[in-house]
1. How do the pairs read when you match residues in the stretch 1-26 that are under 25 Å from GLY58 (Cβ atoms) with residues anywhere that are modelled with pLDDT under 85, using Cβ under 6 Å and keeping only pairs 6 or more apart or on different chains?
2. Please go through the stretch 34-53 and pick out each residue that is more than 30 Å from GLU123 (Cα to Cα), open to solvent by 80 Å² or more (accessible area, probe 1.4 Å) and either touching a residue at least 24 places away in the same chain (Cβ under 8 Å) or not in a loop (DSSP other than H, G, I, E, B) (or both).
3. Does LEU31 satisfy being open to solvent by 50 Å² or more (accessible area, probe 1.4 Å) and either under 25 Å from VAL188 (Cβ atoms) or of a type outside the set (Asp, Glu) (or both)?
4. Does the stretch 98-116 hold any residues that are of a type in the set (D, E, K, R), open to solvent by 70 Å² or more (accessible area, probe 1.4 Å) and at pLDDT 95 or above, and which are they?
5. Counting only residues that are under 30 Å from ILE26 (Cβ atoms) and in contact with a helix residue (DSSP H, G or I) (Cβ under 7 Å, 6 or more places away or on another chain), give me the helices (runs of 4 or more DSSP H) lying completely in the stretch 89-173 with at least 3 of them.
6. Restricting attention to the stretch 67-87, report how many residues are in a loop (DSSP other than H, G, I, E, B) and either open to solvent by 50 Å² or more (accessible area, probe 1.4 Å) or free of Cβ contacts under 8 Å to residues at least 40 places away in the same chain (or both).
7. Where residues in the stretch 149-172 are open to solvent by 30 Å² or more (accessible area, probe 1.4 Å) and more than 20 Å from GLU61 (Cβ to Cβ), which of them is nearest to the chain's Cα centre (by Cα)?
8. For the stretch 54-66, what are the residues that are assigned to a helix (DSSP H, G or I) and under 18 Å from TRP166 (Cβ atoms)?
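The values are calculated or read from the model by the stated rules, or taken from the named source; none is laboratory data. No experiment lies behind these values; they were computed from the predicted model shown. Note that each Cβ is placed from the backbone with ideal geometry, even for glycine, and that neighbours are counted across all protein chains shown. Please note that ligands, DNA and RNA were not included when accessible areas were found on the heavy atoms of the full protein model with its side chains. Shrake-Rupley method; radii C 1.70, N 1.55, O 1.52, S 1.80 Å.
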Amino acid sequence: MGLESLYPDYDVLALQDEWDANTRQIVKQRLGPFEFKLLSHWQQGMIKALARQLACEGRDEVLTWIAFHVETELGKPQGEAQRKPGIPPRKELILAGLDALDNWAKAKFFKGFLSLKEAQQLEFLQLLEVGGLPQEEGWDVERQKELFKKLAGLIITAHYSHPWVWSEIGYGGPAYPRGYVRVELGLVDPWEPKQAEWS
């Protein structure tokens, strides 16, 4: 799953010696291994299933990083920058939301969310985005939409922070301490990738 890269021969990790030691450590940690402490195995599977849909990602290594990123963010003690009135804290919202998605799936198809076909999972996410799932146990339109927004934000942020994805989209990685020189439109530095020419 995933789109064909315009930079098939580019590997951003080949540039890691140009990064400072702290940056290099942060990026390489995204390759694993990961030690989960908050999310159960089932919750990790739910996040991965959602990421397959929301990020069009099928590689387990990247999906595991996404699940770990979600766990890390949910475990942070800091408060959220913004939260609408009546919406529970992000950690509570997402963990309860995973259970709610599973319950909605069981109510409609008599099996859990992870046992659904991908097309059925996508259908649930499309309904969640607009608040179109059953409004039971406090899951009104606004809470459903907020759950989708929080999940999508965390998953997409994690996906586009993985170095394999950087390589695929032609992102040259952190420029510190090297910096960018050619900043004019259409120009690239020598170490940045060049798009493949398709016949």
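1. Listed by first residue and then by second, the contacts come to LEU6/GLN195; LEU6/ALA196; TYR7/PRO193; PRO8/ALA196; TYR10/PRO193; VAL12/GLY173.
2. Residue satisfying the conditions is LYS37 alone.
3. yes
4. Once the filter is applied, which keeps residues that are of a type in the set (D, E, K, R), open to solvent by 70 Å² or more (accessible area, probe 1.4 Å) and at pLDDT 95 or above, the stretch 98-116 yields ASP99, LYS106, LYS111.
5. Filter on the stretch 89-173 gives 90-109, 141-159, 163-169.
6. Residues flagged as in a loop (DSSP other than H, G, I, E, B) and either open to solvent by 50 Å² or more (accessible area, probe 1.4 Å) or free of Cβ contacts under 8 Å to residues at least 40 places away in the same chain (or both) within the stretch 67-87 amount to 12.
7. Taking the candidates together, the pick is GLY153.
8. Matches in the stretch 54-66: GLU61, VAL62, LEU63, THR64, TRP65, ILE66.
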